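Only one structure is covered here, and it is reproduced in the block below.
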Amino acid sequence: MAINFNQAEFVLSAASPGQFIRDGRKQLAFAGRSNVGKSSVINRLLGRKNLARVGAQPGKTTQINYFLIDRKIYLVDLPGYGYAKVSKAERDRWGKLMENYFRSSGLLDLGVLIVDARHKPTADDVTMYDYFRASGCPCVVAANKLDKLKRSEIEPNLALIRDTLQLAEGDVLVPFSAEKGEGKEQLLRILKAFCETKREGENNGESEV
Ligand code: GDP
């Protein structure tokens, strides 16, 4: 099942579990701290300028956005976290929504965690990675804003990210720049390969289109 990531359409924003999409298609969920560049990474992967909203305001952060890719799989844009200025009420809403998403069995197939290549992952990043790990689905980490690093900083920063998230040797960390496009082909290769593997006992939801 070859998937064309340039064929993407926005489907819906879910603010409550009743709106979560469950139609059998695989779901690739993207998570990251607010401002880490998650929207920019998604736009870069989909070859679009502004499909995922860059610089989205806090207050819009408690929605899960679904994009249908090539009518075959969903790219799921999980709401960003760690924005200092959100209210406690909004943080609580975020927590509930995430808990519900991760608890709903069978929704999630692959996690993509976006972290900042410049910094040690935050406690929230570690928690999010643990959410993915606990869900039992594979998770790829992309270290974004690579263009902001000096060459000599790249290796030590990637090592610090691996160490802080406690990545095992086989876990994938992709150096990425949404700005320059670096890492795009590597990450797309990983996502496409994953989408092409069939779930046990299923046919990738192709019959449900
Ligand atoms: P989000 O809140 O995680 O969705 O982050 P956005 O995609 O809105 O990006 C936040 C800011 O970081 C914007 O000003 C982007 O232009 C900038 N940005 C995103 N990715 C990169 C990158 O790879 N390199 C650089 N230099 N800036 C980036």
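Treating only the Cβ atoms of Lys and Arg (+1) and Asp and Glu (-1) as charged, compute the dipole magnitude of the range 16-195 about its Cα centre; round to the nearest 20 debye. Please report the intermediate quantities before stating the final value.
Values: 30 positive and 20 negative charges, 129 e Å.
Dipole magnitude for the range 16-195 comes out near 620 debye.
Past the 27 angstrom mark, what percentage of all C-alpha to C-alpha distances in the range 16-195 do you count? It would help to have the intermediate numbers written out before the result.
On the way: 3364 of 16110 pairs.
In whole percent, the share of Cα-Cα pairs in the range 16-195 beyond 27 Å is 21.
Mind listing the phi-derived Karplus ³J(HN,Hα) values for the range 147-153, rounded to whole Hz, using 6.51, -1.76 and 1.60 with θ = phi - 60°, and x for any glycine or proline?
4, 8, 9, 6, 3, 5, 8
Using amide H atoms built 1.01 Å from N in the peptide plane, name the residues 5+ places from GLN7, or on other chains, whose amide H lies under 5 Å from its own.
Under 5 Å from the amide H of GLN7 lie the amide H atoms of ASP70, each far enough along the sequence or on another chain.
Taking every DSSP beta bridge that has both residues in the range 58-209, what percent is antiparallel when rounded to the nearest 5? Mind showing how you got there, number by number?
Details: 5 of 14 bridges.
Roughly 35 percent of the beta bridges in the range 58-209 run antiparallel, per DSSP.
How high is the relative contact order of the chain? Use alpha-carbon pairs under 8 Å, at least six apart in sequence, and give a whole percent.
Working: 355 pairs, mean separation 52.1, N = 209.
Relative contact order of the chain: 25 percent.
Between GLU155 and MET1, what FRET efficiency follows from the Cβ-Cβ distance if R0 is 41 Å, with the result rounded to 0.05?
Working: r = 36 Å, r/R0 = 0.88.
It comes out at approximately 0.70.
Enumerate the amide H contacts of VAL112 below 5 Å, restricted to partners 5 or more residues apart or on another chain; note that Pro and chain-start residues carry no placed amide H.
ALA29, PHE30, ALA31, VAL140
Please compare each pair in LYS26/LYS180; LYS26/LYS120; LYS26/LYS198; LYS72/LYS96; LYS88/LYS120 to a cut-off of 20 Å on the Cα-Cα distance and tell me which ones are over it.
Among LYS26/LYS180; LYS26/LYS120; LYS26/LYS198; LYS72/LYS96; LYS88/LYS120, the Cα-Cα distance tops 20 Å for LYS26/LYS180; LYS26/LYS120; LYS72/LYS96; LYS88/LYS120.
How large is ³J(HN,Hα), in whole Hz, for each residue of the range 103-109 in order, when computed from phi with the Karplus curve 6.51 cos²θ - 1.76 cosθ + 1.60 and θ = phi - 60°, using x for Gly and Pro?
7, 5, 5, x, 7, 9, 10
Between the range 1-52 and the range 121-139, what is the separation of their alpha carbon centroids in Å?
Using only Cα atoms to place each centre, the spacing works out to 18 Å.
Any idea of SER40's accessible area? Nearest 10 Å², probe 1.4 Å.
Per-residue accessible area (SER40): approximately 40 Å².
Apply the Karplus parameterisation 6.51 cos²θ - 1.76 cosθ + 1.60, with θ equal to phi minus 60°, to every residue of the range 9-23 and state each ³J(HN,Hα) to the nearest whole Hz, in sequence, with x for glycine and proline.
Here the 3J(HN,Hα) series is 9, 6, 10, 6, 10, 9, 10, 8, x, x, 9, 4, 7, 9, 10 Hz.
The values are calculated or read from the model by the stated rules, or taken from the named source; none is laboratory data. Computed from a predicted structure; not experimentally measured. Note that we place each Cβ from the backbone using ideal geometry, even for glycine, and neighbour counts take in every protein chain shown. Areas reflect the complete protein model, heavy atoms only, side chains present, ligands, DNA and RNA absent. Shrake-Rupley method; radii C 1.70, N 1.55, O 1.52, S 1.80 Å.
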